[in-house]
Amino acid sequence: YDGRCVFCRIARREEPGTALLPCEHEDLVCFRDIRPGAPHHYLVVPVEHMGNCKTLKTEHIPIGK
């Protein structure tokens, strides 16, 4: 968890006004984008803080399975 990361705060339900949508995977959260590029634009992010794509490792592959 990184308290400075908006996605971590959303995943922990600490961002008021951001409603989480139902997601069947407990390690992911889904919510509407605040600046949607389309009428149905959603973001799905891991609950665990990942940093950026350069920090991903082989052990992160099972996320969402």
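All conditions in (1) open to solvent by 60 Å² or more (accessible area, probe 1.4 Å); (2) part of a strand (DSSP E or B) hold for VAL45, with the sole exception of (1).
Answer yes if at least one residue in the range 3-14 is touching a Leu at 6+ places or on another chain (Cβ under 8 Å) and modelled with pLDDT under 85, and no otherwise. Within the range 3-14 (the criterion being touching a Leu at 6+ places or on another chain (Cβ under 8 Å) and modelled with pLDDT under 85), the answer is no, since none of the residues qualifies. Residues in the range 1-42 that are part of a strand (DSSP E or B) and not hydrophobic (A, V, I, L, M, F, W, C) were compared, and the one that is nearest to ILE61 (Cα to Cα) is TYR42.
LYS54 falls short on exactly one of the conditions (1) outside any loop (DSSP other than H, G, I, E, B); (2) surrounded by 10 or more Cβ atoms within 10 Å (Cβ to Cβ), and that condition is (2).
Quick grid of which residues meet (1) under 15 Å from the mean Cα position of the chain (by Cα); (2) surrounded by 11 or more Cβ atoms within 10 Å (Cβ to Cβ); (3) among the charged types (D, E, K, R):
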| residue | (1), (2), (3) |
| --- | --- |
| ARG12 | yes, yes, yes |
| ALA19 | yes, no, no |
| CYS23 | yes, yes, no |
| HIS41 | yes, yes, no |
| MET50 | yes, yes, no |
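The values are calculated or read from the model by the stated rules, or taken from the named source; none is laboratory data. In this text the structure is predicted, and so the values were computed from the model without any measurement. Cβ coordinates were reconstructed from backbone atoms using ideal geometry, including for glycine residues, and neighbour counts include every protein chain displayed. Ligands, DNA and RNA are excluded from the accessible area calculation, which covers all protein heavy atoms including side chains. Shrake-Rupley method; radii C 1.70, N 1.55, O 1.52, S 1.80 Å.
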